[in-house]
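Comments concern the structure below.
The values are calculated or read from the model by the stated rules, or taken from the named source; none is laboratory data. What you are looking at is a predicted structure, and each value in this text was computed from that prediction instead of being measured. Because the Cβ atoms are built from the backbone with ideal geometry, glycine has one as well, and the counts that use them run over all protein chains shown. Surface accessibility is based on the protein's heavy atoms, side chains included, excluding ligands, DNA and RNA. Shrake-Rupley method; radii C 1.70, N 1.55, O 1.52, S 1.80 Å.
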Amino acid sequence: LTQDNQHIEIAANISSLNDIEQALELGAEGVGLFRTEFLFMGRDQMPSEDEQWTAYKVAADKLGTRPLIIRTLDAGGDKPIPYLNIGVEANAFLGWRGLRYCLDHSEIFKPQLRAILRASANHNVKLMFPMVSTVDEVRRAKALVRTVQEELRVAQLPFDEALEMGIMIEVPSAVLQAPQLAQEVDFFSIGTNDLTQYLLAADRGNAQVARLVNALQPAVLLAIQQVVQAARNAGIGVGLCGELASHVAALPLLIGLGLTELSMNAAAIPQVKAQ
Ligand code: PEP
Ligand code: MG
């Protein structure tokens, strides 16, 4: 709670099931970003639908009634997964990654969607798509979700019919089209790690340009402002899950910009709450 009694939800970013207990001990009110890549990494073939379903269900069970935002596979760029055959790209961060890769690979995307939907039964699960660049991508992803829902109904496998779907805002085109994208989804989550690198045209992994990869750059703050405004105008939720969320000095600014949900690495939660 702020001094004027505004509740700011503080959630954790997690990359494995083991992260959840620590996140709860440190005061997380939920998981704002479940990076599912860990299930696909360090092995030579993709995890089956049932394997994923089990992992998502275990995570949701551990969280009880608290929210769990599961992000679909964000492969490519800084997250290479060799057996996906993305290959060597001249500009991997501008290449075949995140949602664009998944939309081209329904044999990978569909089992994950089925697993997430099945885990949503009797749990507070939300679905989130990464690396959205266009409205059309979101519509295609939603169409696939509808297909999966229909299949699950026919198979009499339960899922949450009211499952919320959201997108990460981490590409400049998504910032500019936030009002249109807000008509398609239930929530936005601003990914300032990628958004900063794309806005400043500076590779987040390149030490030579690290000075530019700064989420406090005015361009990034203006982008956050636009996205929050678009979400508020449309009446949908908006949170922030990039590293900036754990930047204690930036906290008054983020709250002042209207954000009421921040998701961060668990270790940062106590100091952010104290602030
Ligand atoms: C981001 O880009 O801000 C983000 C939270 O996602 P990731 O760091 O996994 O790319
Ligand atoms: Mg990202």
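Between Thr134 and Lys62, what's the calculated FRET efficiency when r is the beta-carbon distance and R0 is 30 Å? Round to 0.05. Mind dumping the intermediate values first?
On the way: r = 35 Å, r/R0 = 1.17.
After rounding, the FRET efficiency stands at 0.30.
What is the count of Lys pairs in the chain whose alpha carbons sit under 19 Å apart, if the two are 8 or more places apart or on different chains?
Working: Lys57/Lys110; Lys57/Lys126; Lys62/Lys126; Lys110/Lys126; Lys110/Lys142; Lys126/Lys142.
Pairs that pass both the separation and distance tests number 6.
Leaving out ligands, DNA and RNA, what percent of the accessible area of segment 9-129 is carbon and sulfur, probe 1.4 Å?
Values: 2390 of 4790 Å².
Here it works out to 50 percent.
Computed 3J(HN,Hα) for segment 149-164, one whole-Hz value per residue from the Karplus formula 6.51 cos²θ - 1.76 cosθ + 1.60 where θ = phi - 60°, is 4, 5, 4, 5, 4, 4, 7, 6, 9, x, 7, 7, 5, 9, 3, 7, glycine and proline marked x. Taking the accessible area of segment 146-198, probe 1.4 Å, and keeping the other protein chains in place, the carbon and sulfur fraction comes to 52%.
Solvent exposure of segment 182-225, expressed per residue, is 47 Å² of accessible area, with all protein chains present and a 1.4 angstrom probe.
Note on Ser173/Ala210: beta-carbon distance plugged into 1/(1 + (r/R0)^6) with R0 of 25 Å gives a FRET efficiency of 0.50. Under 5 Å from the amide H of Lys126 lie the amide H atoms of Leu68, Ile69, Ile70, each residue being 5 or more positions distant or on a separate chain, with H modelled from the backbone and absent for Pro and chain starts. Working from label points 7 Å from Cα in the Cα-to-Cβ sense, the Thr147 to Glu51 distance is 2.3 nm.
Here the Karplus curve 6.51 cos²θ - 1.76 cosθ + 1.60, taken at θ = phi - 60°, turns the phi angles of segment 76-93 into couplings of x, x, 8, 10, x, 9, x, 5, 7, 6, 6, x, 8, 10, 4, 9, 4, 5 Hz, with x standing for Gly and Pro.
For segment 21-117, the solvent-accessible area works out to 42 Å² per residue, with a probe of 1.4 Å and every protein chain left in place.
Net charge within 11 Å of Lys110 by Cβ-Cβ distance, Lys/Arg positive one each and Asp/Glu negative one each, not counting Lys110 itself? Let's see the in-between values first.
On the way: positive: Arg114; negative: Glu49, Glu107, Glu151.
Result for the local shell: -2.
Scoring 126-135, 150-159, 223-232 by mean Cβ neighbours within 10 Å over their residues and listing the highest first yields 126-135, 223-232, 150-159. Taking max minus min of the alpha-carbon positions on each principal axis, the chain gives extents of 49, 45, 35 Å, largest first. For Gly239, nonlocal amide neighbours, meaning residues 5 or more places apart or on other chains whose placed amide H falls under 5 Å from its own, are Phe188, Ser189, Ile190.
Near Ile190: Cβ cut-off under 11 Å, other residues only, Lys/Arg at +1 and Asp/Glu at -1. The net charge is -3.
The string of couplings for segment 4-10 from the Karplus curve (6.51, -1.76, 1.60, θ = phi - 60°) is 9, 6, 8, 7, 10, 7, 10 Hz, one whole number per residue in order, with x for Gly and Pro.
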